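Data block below; observations after.
The values are calculated or read from the model by the stated rules, or taken from the named source; none is laboratory data. Computed from a predicted structure; not experimentally measured. Because the Cβ atoms are built from the backbone with ideal geometry, glycine has one as well, and the counts that use them run over all protein chains shown. Quick note on the areas: whole protein, heavy atoms, side chains included, nothing else; ligands and nucleic acids left out. Shrake-Rupley method; radii C 1.70, N 1.55, O 1.52, S 1.80 Å.
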Amino acid sequence: MDSKAHKNNIEESPMKLQLYSSYISPPSFSVRIALNLKGLDYDYITVSFRKGDQRNQEFLMMNPMGYVPTLKNGDMVVAESSAILMYLEEKYPQHPLLPQDLEKKTINYQAINIVASSMQPILRIPVLSYIRDNVGPDESIDWAHRHLKKGFAALEKLLKDHVGTYATGDEIFLADVFLAPYLIGYPERYNFDLSGFLILSKLRDVYLMVPAIQNAMPEKQPDFPV
Amino acid sequence: MDEANQTILKLFSHPMSSCARRLHLALNLKGLEYECINVDNPLEDPELLKINPMGFVPALVDGTTVISDSYAILLYLEEKYPQHALLPEDLVRKSINYQVASIVSSSIQPLQNTNIINYISEVVSPDEKVPWAQYHIKNGFVALEKLLVNYAAKYATGDEIYLADLFLAPQLYNAIYLFKLDMTEFPILLKLNKAYNEIPSFQQIIMVES
């Protein structure tokens, strides 16, 4: 398992955040975006599913649940991207990722959960592989498309009355942090045409211009295959 | 709380929805009056679709505010109606609550809900329905059992009921009574289930005859 400093820091920093991440995992991408937005330096520790790192003893001792992404801050270990983000938001209030206004805040929560509960879990590789192996490869693609379509349609409806430059207004908030990994590169991976989703297509174009998102992209991570 | 000033909340619900049960528990704990509207076919229900085009249940109406998704609704309720706090003050235990909520709402419930298991039954085999549900619930429970080992007391994260318990109680009901999961390797979760069954309001809300 590789342990590389994210920036070229020479000195050891015991209190530095550590992110156990996989370049391709959308929730890992989300956490990287949030860390970048808040200007938080961190050590990137690769967890390669291909190599079975998630079953590695050292990893499991630190994080018995074996989940990726996981954030470590001294003795504090947090898994589950939405929980990590809520933790970061409270611990490091700079560049707030939730609006003050309760109604807008709640739109962010709803967007996060459309992604986290109705898209992410059913699009995970183990689920797609099960369908491919038990039904067929075509069904696996259809399944992915169906659920992407459903989730994206719900997001279009949710954001219709709230979208500004970003998902819920003119600042980046958690809704954007969760959406970006599913709009950048992800539809292409499944041959899914995003163009029918006007709000989401426009958001994707905006996200591609944000440095914190650019630097969090899979291609920029130490474990991206060369 | 000044009851005269409280708008009556409206909850669009479904009797078998574990997501809705989380909300019934929360509304009950916070002492909030609400009207419960059970919806059989959310996507074909005109009253629901009028206020919530996404057609999801549960959905909460609070005056002019409409919210769907149980986790979003819970966080909204927590901020708008702070009585009987659903999150501990300290960030460590608060984060454990967020992790439990996320594991249940992202890793477990979506993979054992009616739509998914009916799909599995149809395209793979009816015999695969229960094993599929058990597999995914078990994976989530393995993680939960490890997560809670240093925090569980009378309830999931201490001696008070918090957000984690609202997610766990309905999920445990599904696991044990609907899917007959073997709970031998989950002593903490079993103990929590027993504790939940001793709370009259939990019993009423969760132990619903199908």
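Quick notes on this one:
- Take every Cα pair under 8 Å whose residues are at least 6 apart in sequence, average their separation, divide by the length of region A:102-214, and the relative contact order is 29 percent.
- Accessible area per residue for chain A is 46 Å², calculated with a 1.4 Å probe on protein heavy atoms, without ligands, DNA or RNA.
- Relative frequency of Cα-Cα separations exceeding 18 Å in region A:6-94, percent: 40 percent
- Expected 222 nm ellipticity per residue - DSSP helices of 4 or more, -39500 (n - 2.57), all of the protein assembly as shown, to 500: -14500 deg cm²/dmol
- The lysines within cross-link reach of A:LYS149, meaning a Cα-to-Cα straight distance under 20 Å and a gap of 8 or more places when in the same chain, are A:LYS157, A:LYS160, A:LYS202.
- Average projection area in nm² (convex hull over Cα atoms of region B:38-138, one quarter of hull surface): 8.6 nm²
- Orientation-averaged projection of the protein assembly as shown equals 21.0 nm² [convex hull of Cα atoms, one quarter of hull surface area].
- Peptide A:69-76, shielding by other chains (average Cβ, 10 Å cutoff): 1
- Above-threshold pairs, the threshold being 19 Å between Cα atoms, out of B:LYS94/B:LYS146; B:LYS129/B:LYS191; B:LYS129/B:LYS180: B:LYS129/B:LYS191
- Counting Cβ atoms of other protein chains within 10 Å of each residue's Cβ and taking the mean over peptide A:116-129 gives 4.
- Within 10 Å of the Cβ of each residue in A:106-115, the mean number of Cβ atoms contributed by other protein chains is 6.
- Rg then Dmax, both in Å and based on the Cα atoms of region A:102-214: 14.4, 45.
- Residues whose placed amide H lies under 5 Å from that of B:TYR155, excluding near-sequence neighbours: B:GLU160
- Cross-link reach list, lysines versus A:LYS220, counting only Cα pairs under 16 Å and skipping chain neighbours closer than eight places: A:LYS4, A:LYS7
- Contact order relative to length of chain A, as percent, for alpha carbon pairs under 8 angstrom and 6 or more apart: 24 percent
- For chain A, the share of DSSP beta bridges that are antiparallel, to the nearest 5, is 70%.
- Carbon and sulfur %, accessible surface of the protein assembly as shown computed with the full protein complex present, 1.4 Å: 51 percent
- Antiparallel content of DSSP bridges confined to region A:6-94, in %, to 5: 60 percent
- Dividing the mean sequence gap of close Cα pairs (under 8 Å, 6+ apart) by how many residues chain B holds gives a relative contact order of 20 percent.
- Cα gyration tensor, chain A - rounded (a/c under 1.5), prolate or oblate: oblate
- Part-to-part distance (alpha-carbon centres) for region B:39-59 and region A:53-106, which is given in Å: 33 Å
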